[in-house]
Amino acid sequence: MKKEKLILVGNGMAGVRCLEEILKYRPETFEITVFGSESHVNYNRILLSSVLQGGASFDDLTINDRDWYEQHGIQLFTGETVIKIDTDKQIIQTDKNRSHSYDRLILATGSVPFLLPIPGAEKDGVITFRTIEDCQKMIEAANHYQKAVVIGGGVLGLEAARGLVNLGMEVSVVHISSYLMERQLDETAAKMLQKELENQGMKFLLEKVTQEIIGNNRIEGLRFKDGTVVEADLLVMAAGVRPNIQLAKESGIAVNRAILVNDYMETTIPNIYAVGECVEHREMVYGLVKPLYEQGQVLAKRICGIDSKGYEGSVLSTQLKISGVDVFSVGEFQEDKRSKSIKIFDDLEGVYKKLVFQDQKIIGAVLFGDTNERTRLLDMILKKQDVSDVEKVTLFQSSTTGGKSIASMALNGIICNCNGVSKGTIIEAVQAGGLSTVDQVKKCTKASGSCGGCKPLVSELLTYIDSDEFNEVVKQKSMCSCTSLTEDEVVREIQLQSLTSVQEVMEVLYWENEQGCSTCRPALSYYLGMINPEYETSQETLFISEHMNATLQKDGRYFVVPQMYGGMTKAEQLRKIANVADKYGISDLAVTSEQRIHLMGIKQEDLAAVWTDLNMPLSSTYGNRVQNIKTCIGEHVCQCDKQPSLKLSAHLEKRLEFLTTPYRIKMGVSACLHNGAGSTTKDIGVIGMNRGWEIYVGGSSGRNVRAGELLCISATEEDASEIIIGFIQYYRETAKYSERTWQWMDRVGLVHIREVLFDFEPRQLLLERFDEDISLRRSLLEKYYVNRL
Ligand SMILES: Cc1cc2nc3c(=O)[nH]c(=O)nc-3n(C[C@H](O)[C@H](O)[C@H](O)COP(=O)(O)OP(=O)(O)OC[C@H]3O[C@@H](n4cnc5c(N)ncnc54)[C@H](O)[C@@H]3O)c2cc1C
């Protein structure tokens, strides 16, 4: 199939993130070409502040190196600017006289720093702070010069100033307002910030308007409107940015402050999209990466033809990346006629906190000196949480991380002690399932589902995951080499797009290998069947294995296994089996360790007749399902305390018949502590004791023997059966295809499984879903069976 030509103009953070998303969904659909004015590969602009302050190196900046572009077949032109777009012919032209045609074009041209139109701005030593080169110039200047002035007391200006202080320069910050960061802080917080930065070595010249930059070729100082002068041999202008819209404007694409886009990042010209700082969406222009990444996600889906609800805008919060200074601000932090605030000011500790309320909701906050509550407050603001019944003073208290930021917690750090749920597990669940509320996390992971004490922490973690600060990845592997999607993503797409066959999944989700492979085909088939049992019963293989219940031997003949629930049979059944064996010349008859008789070597043409003559249920011995249960007859022979193991096995086998599972489940039911059925090395093992049934889970008797862990002791047969069925259903719902019970248990945790099974409501729900599923399977099988014969 001919690939569509996709051109990205702007090799920056937003544009390339969008490409990453596109490659995730449709790795093979586009022939991608990227043009970037800068000579570098895609890098992390945010880290420039850290590089300047000595906290990171230039090497740390690269996000995607040249190998990445090559690996994905992306043609990259660095140091090359697109200067023209012919929107009719769909051709772009660059400053190196190159022309390229496109089917789709993404503009991600970012912003340009605002160079104040001050006389003398062209002199040597006057720079901005946006690129790697700017950063290098500052480091270079610090080697030769002493005095630096930064114009702009906002976030960027202060971070630049702190970098220059660290490089050994004398630094003055010139700011037009009476206090710093006035767009993010109130006066009290700003004054505290100023004091702290003065302690770190910065000087401040507030309420100053620069009239002129003085010096000959190189800057020597600044003269202000009030007539005062400050000496300087380096001037960094950090007075804001302007969206880079020149190319769009000249090409006839509608612009206002920035390039106008709709909720799907489409511009006013067909096949041209825009994303990032160059974009104006619902009158907002964003200058932080989180909203830009969200835009990128929406655009990627749009371009790949995947439905999404579109971009709806973002709530922003600010944090300063200066070590030793904790400042946080969000929302409407200045009170007005309709809002009121609560403030805490601790001059001794240098802590200031202000929460602004309106209609019993927090609408804004400023924190200085202690920002531990930031994620929790942000969450409350985003959710417009009603705080009428909350003791307001508790809102100021550091949360349950014990003053430690949730961001600095290790991925294996435990969030929910009751259920042993780690931060990593929650992040994985949130990323895989798109969870956004504490309740959803509770349902999915059980975190906060017991004593509830960790609810604020889960909420804090959710807000952190949703914040600009969040950059932790709990890597999920792709399903197989045929696709870059993870199993969770594939399952989600099957559900969202109501996909109904393996072939359709592979086509719609753009499988790289059109035929799939031995890893993905059975997995897809399993998931399709899990989501829709009707799919499973429509399979030809199922007809053979479920209705004829015949298994193909290596020599092309079949074997069948008459069902003997719990390994029990009757003389009449044995007589019938013997007659059929005689009639069809079945000479190979074997009694196996699972207490069943195998009739082997049946010719395909005899199968139907064998089945009719036997006229008894056949057991399905292979495939991913609950295998015949191994039992022992202890209750009839053993002298010790014992339980009726045969009865329990027979009951379970009947209940679990026709059920598919992620991997085959081996079970053993022993009547007494002598463990005659080897129950401690089975996926599920039961041992009868005088006080009831001990239930072990996660054992394995394969090549790597593993002892099962005691799940619980059930007093009655009925309770044991419910626990076992609940366990199997939960395994079916949450394990990945082919994941053994013990692997699944290692992943989700035994404590967590116990919590699910021993909590009345979730257990009942599991049993209900099991019953629904199994009865649907039975009725579909019956219907299908009648139609076929
Ligand atoms: C020092 C610093 C610190 C920051 N700290 C933070 C922070 O802590 N948190 C945060 O969220 N954000 C921060 N930001 C802002 C963040 O870096 C930007 O929001 C983000 O980089 C914008 O991404 P973008 O892709 O829209 O633009 P950019 O990353 O600027 O990329 C646009 C690219 O397009 C190129 N280009 C433009 N026109 C053309 C053309 N015609 N042809 C070819 N190429 C072209 C440009 O050269 C540029 O490389 C910081 C920014 C700076 C400078």
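Okay, here's what the table says:
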| quantity | calculated |
| --- | --- |
| Whole-number D in µm²/s for the chain (Stokes-Einstein; Kirkwood sum over Cα pairs; 37 °C, 0.692 mPa s) | 105 |
| Which listed pairs, of K208/K383; K603/K682; K321/K392, have C-alpha distances above 32 Å, in listed order | K208/K383; K603/K682 |
| Size of electric dipole in the chain: Cβ of Lys, Arg +1 and of Asp, Glu -1, about Cα centre, debye, nearest 20 | 1160 |
| Net charge dipole size for the stretch 690-782 [Lys, Arg +1 and Asp, Glu -1 on Cβ; Debye, nearest 20] | 580 |
| The chain, relative contact order [Cα under 8 Å, separation at least 6], % | 7 |
| Estimated inter-spin distance, V508 and E250, nm [label 7 Å along Cα→Cβ] | 4.5 |
| Additional length obtainable on full extension of the chain from D86 to E772, 0.36 nm per residue less Cα span | 241.0 nm |
| Additional length obtainable on full extension of the chain from R691 to S436, 0.36 nm per residue less Cα span | 87.4 nm |
| Degrees, to the nearest 10: 289-303 long Cα axis against longest axis of the chain | 60 |
| Label point distance in nm, E733-S177, each placed 7 Å from Cα along Cα→Cβ | 5.1 |
| Nearest-0.05 FRET efficiency for Q334 and E312, computed from C-beta distance (R0 25 Å) | 0.50 |
| Karplus-derived HN-Hα couplings along the stretch 422-428 (A = 6.51, B = -1.76, C = 1.60, θ = phi - 60°), whole Hz, x at Gly and Pro | 8, 4, x, 5, 5, 4, 4 |
| Trypsin sites (Lys or Arg not before Pro) within the stretch 557-608: DSSP coil, no more than 10 neighbouring Cβ in 10 Å | K570 |
| In nm, spacing of pseudo-spin labels at E4 and R655 (7 Å Cα→C-beta vector) | 5.1 |
| Too-long pairs where the Cα-Cα distance tops 18 Å, listed order kept, from K191/K343; K423/K446; K147/K195 | K147/K195 |
| Antiparallel bridge percentage (DSSP; both residues within the chain; nearest 5) | 60 |
| Gained length - R98 relative to N615, 0.36 nm times residue gap less alpha-carbon distance | 178.4 nm |
| Efficiency of FRET from Cβ geometry, T188 and F58, R₀ 56 Å, rounded to 0.05 | 0.90 |
| Per-peptide average of other Cβ atoms within 10 Å, ordering 745-756, 342-353, 171-182 highest first | 171-182, 745-756, 342-353 |
| Neighbour-limited loop hits for trypsin sites (Lys or Arg not before Pro), the stretch 37-121 (at most 12 other Cβ within 10 Å; DSSP other than H, G, I, E, B) | K89, K96 |
| Unit charges on C-beta of K, R, D, E only; dipole of the stretch 137-226, Debye | 180 |
| Descending semi-axes in Å of the stretch 148-282, equivalent ellipsoid built from Cα gyration tensor | 36, 19, 13 |
| Filtered trypsin sites (Lys or Arg not before Pro), the stretch 243-313: DSSP coil and at most 11 other beta carbons within 10 Å | R282, K309 |
| Cα-based reach from K84 at 20 Å (exclusive), listing lysines while leaving out same-chain residues under 8 positions away | K5, K96, K249 |
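Bear in mind these aren't lab numbers, they're just calculated from the coordinates by the rules spelled out. For clarity, every value in this text was computed on a predicted model and none was experimentally measured. Don't worry about glycine lacking a Cβ; one is built from the backbone with ideal geometry, like all the others, and counts go over all protein chains shown.
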